[in-house]
Amino acid sequence: MRPNDIAIVGYSEIKNVVKSGQSNFDLSGAAFSKLMESTGLEPSKIDGLAVTMPLTETNAFYANYMCDALGLSPTWLLLSALGGCSASGGVARAVSAIREGQCEIAVVLSSDNPTSRPRVPTGGYKSEYENSVGVQGPSGFFGLLLSRYIAQYEFIPEALGKLAIAQRDHAIMNENAVEKLRIPLTMKDYLDSRMISDPLRLFDCVMRCDGANAMLMMSTEKARKMGFKKFVHPVAYAERSNHLGHTMQPDITETGFADAGPRALKQAGMTPKDIRIFAPYDDFTVALMLKLEQIGFTERGKGCRYIMETDFSHKGTLPLNTSGGQISAGQPGLAGGGLNMVEAVRQLMGEAGERQVENAKNAMVTGIGGIPYGRNWSISNVTILEPGK
Amino acid sequence: MSTAPTTAKPAPKRPVPVPNTYVKAQPYWDGIKEKKLLLQYCTETKQYQHYPRAVSNYTGKANLEWRESSQKGAIYAMTLTRVPQPGFEERAPYPIVTVDLDEKVRMIGLLLNCKPEEAKIGDRVKVCWEVIGEGQNYPAFELDR
């Protein structure tokens, strides 16, 4: 990738709320309105739009409806349907679209409201081969995944607890986090929390909510001409779908990050030691541990040890999801994939207030999309961001 | 003051599959009627796959035939489901297992006829059958002891 030619120049986020009662057009509208206010942009200048497909509106016309709802007439329109990778994947695709000249000024917009509207049935093979089994949704599948990790590797429950607590401490400083999650969490609270789908505990899991976020992108050259002062450049991106999909008995602990992580780092000319801020997609704490191992922060099976030895606070050596992540700020459905990226952009612009990371020289953001049958998750993506100078 | 009518909610029902929705797999559904587990077999690479698909995941071609499974395997992963899914309310907590069948495919199913603490990853299991919906057989697992 050519690192500095494209820039994220603005972002917005609304407060995560459980049962907002709002539609995706309400929520997206609120995030879009904040973006227009904070950037001072005239919406008529926007000619690119990537819209995240929500859990509650898997509708072939959804992106068209969103243009209509916001009054936009883009020359480049994308319905980004990559599960929790939709927002970061939307940013990567907007980079390409801007480079190709398909649009000049793009908005990547995500909202979802799984606590207010019913989610659309997931389709595919699930109705015949999965739904009749009685698996407890995502937490059931991640319970299966964690059980296998424990069978293969050294497991220290306190390690996952440490991740949950680090992110909770960050959520307390994030006024956009779900309000009822903004209370301290102790290791005792974590260890005493009830099992959800053994060996997965309550505090290993996200809590669903409603929310929305948006990012504004253009070429760095155009951003300078328009007077933007702060830029964040997507300098590397790698993605892998249906990892090991041609095999029937893959190691379920092997993720697409074993491929996408090193590829993104190579593009950026970095090693894991160079990463200053880690903003991984966090639906369950075990996903964070697997990413730490397979992106290369530590070795396979050494995740628990590494976590016990690492300071993940905003003042630490590897600040982790400094707005609380989805696990402690709430998971606004598939818009949750945009939350940790928005926080990374905020950090790299130096606008994170009391949770600001010192020397915020780069951030790694990840996404996870989809939970398949008898495999690891479906889509893994990695974005590396750097602030502009 | 009016009294609200008491309307008892109907008990949630366990989802029942509608065969051949994902892909045409009539031999699979015919098989389970007779408590046989049929798997797709790629005639070119001589490997099985499950669940059924339109093409071989090894060659991308429709070079598939149906062969009967031994219905035996080992527990690969296991979770205890605390929050019952619709139609499973009376069973909770109930174990679910990912099983590596001897045909080198993977299946997810309920683990029946034992206490959760009696089973662990690596244990041998075999298919057993439940009747769901209106007389439809559906595969589950039990310890092979």
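Quick notes
- Meets criteria (assigned to a helix (DSSP H, G or I), under 23 Å from the mean Cα position of the chain (by Cα) and farther than 27 Å from A:D198 by Cβ) for A:S139: no
- Scan segment A:22-47 for residues that are part of a loop (DSSP other than H, G, I, E, B) and either touching an Asp or Glu at 6+ places or on another chain (Cβ under 8 Å) or over 19 Å from A:L334 (Cβ atoms) (or both) and the total you get is 6.
- Qualifying position, being among the charged types (D, E, K, R) and either surrounded by 21 or more Cβ atoms within 10 Å (Cβ to Cβ) or outside the structural domain of A:Y190 (by TED's automatic domain parsing) (or both), among A:E351, A:E343: A:E343
- Within segment A:333-361, residues that are touching a residue at least 24 places away in the same chain (Cβ under 8 Å) sit with their Cβ atoms under 8 Å from residues that are among the β-branched types (V, I, T) and part of a helix (DSSP H, G or I), at 6+ positions apart or across chains, in these pairs: A:M341/A:V91.
- In the set A:Q167, A:Q267, only one residue is closer than 30 Å to A:E37 by Cα and either more than 14 Å from chain B (Cβ to nearest Cβ) or within 20 Å of the chain's Cα centre (by Cα) (or both); that residue is A:Q167.
- When we screen B:K115, B:K126 for residues that are modelled with pLDDT of 95 or more, at negative phi and touching a Lys or Arg at 6+ places or on another chain (Cβ under 8 Å), the only hit is B:K126.
- Selection count where residues are within 18 Å of A:I150 (Cβ to Cβ) and exposed (fewer than 14 other Cβ atoms within 10 Å of the Cβ), scope segment B:89-117: 1
- Matching entry among A:A214, A:A238, A:A223 (being in contact with a Lys or Arg (Cβ under 8 Å, 6 or more places away or on another chain), among the aliphatic types (A, V, I, L, M) and in the same structural domain as A:G89 (by TED's automatic domain parsing)): A:A214
- Tally, over segment A:231-256, of residues that are more than 30 Å from A:T220 (Cβ to Cβ) and among the aliphatic types (A, V, I, L, M): 3
- In segment B:55-85, the residues that are over 30 Å from A:L200 (Cα atoms) and within 11 Å of chain A (Cβ to nearest Cβ): B:S56, B:N57, B:Y58, B:T59, B:G60
- Hits in segment A:211-248 - residues which are within 14 Å of chain B (Cβ to nearest Cβ), surrounded by 18 or more Cβ atoms within 10 Å (Cβ to Cβ) and more than 24 Å from the chain's Cα centre (by Cα): A:M248
- The single condition among (1) part of a helix (DSSP H, G or I); (2) charged (D, E, K, R); (3) touching a Pro at 6+ places or on another chain (Cβ under 9 Å) that A:R117 does not satisfy is (1).
Let's see how each residue does on (1) of a type outside the set (F, W, Y); (2) part of a loop (DSSP other than H, G, I, E, B); (3) touching a residue at least 24 places away in the same chain (Cβ under 8 Å); (4) in contact with a His (Cβ under 6 Å, 6 or more places away or on another chain):
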| site | (1), (2), (3), (4) |
| --- | --- |
| A:A258 | yes, no, yes, no |
| A:R263 | yes, no, yes, no |
| A:M270 | yes, yes, yes, no |
| A:L290 | yes, no, yes, no |
| A:F297 | no, yes, yes, no |
| A:R300 | yes, yes, yes, no |
| A:C304 | yes, no, yes, no |
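- Every condition in (1) within 8 Å of another protein chain (Cβ to nearest Cβ); (2) within 16 Å of the chain's Cα centre (by Cα); (3) surrounded by 15 or more Cβ atoms within 10 Å (Cβ to Cβ) is met by B:Q40 except one, and the failing one is (1).
- Just so you know, in segment A:146-157 the residues that are part of a helix (DSSP H, G or I) and surrounded by fewer than 24 Cβ atoms within 10 Å (Cβ to Cβ) include one that is farthest from the other protein chains (Cβ to nearest Cβ), and it is A:P157.
- Residue among B:Y28, B:Y22 that alone is surrounded by 20 or more Cβ atoms within 10 Å (Cβ to Cβ) and either of a type in the set (A, V, I, L, M) or within 13 Å of another protein chain (Cβ to nearest Cβ) (or both): B:Y28
- Flag not set for A:S116, criterion: in contact with a strand residue (DSSP E or B) (Cβ under 8 Å, 6 or more places away or on another chain) and surrounded by 24 or more Cβ atoms within 10 Å (Cβ to Cβ).
The values are calculated or read from the model by the stated rules, or taken from the named source; none is laboratory data. If you're wondering where the values come from, they're calculated on a predicted model, not measured in any experiment. Neighbour counts run over all protein chains shown; Cβ positions are idealised from the backbone, glycine included.
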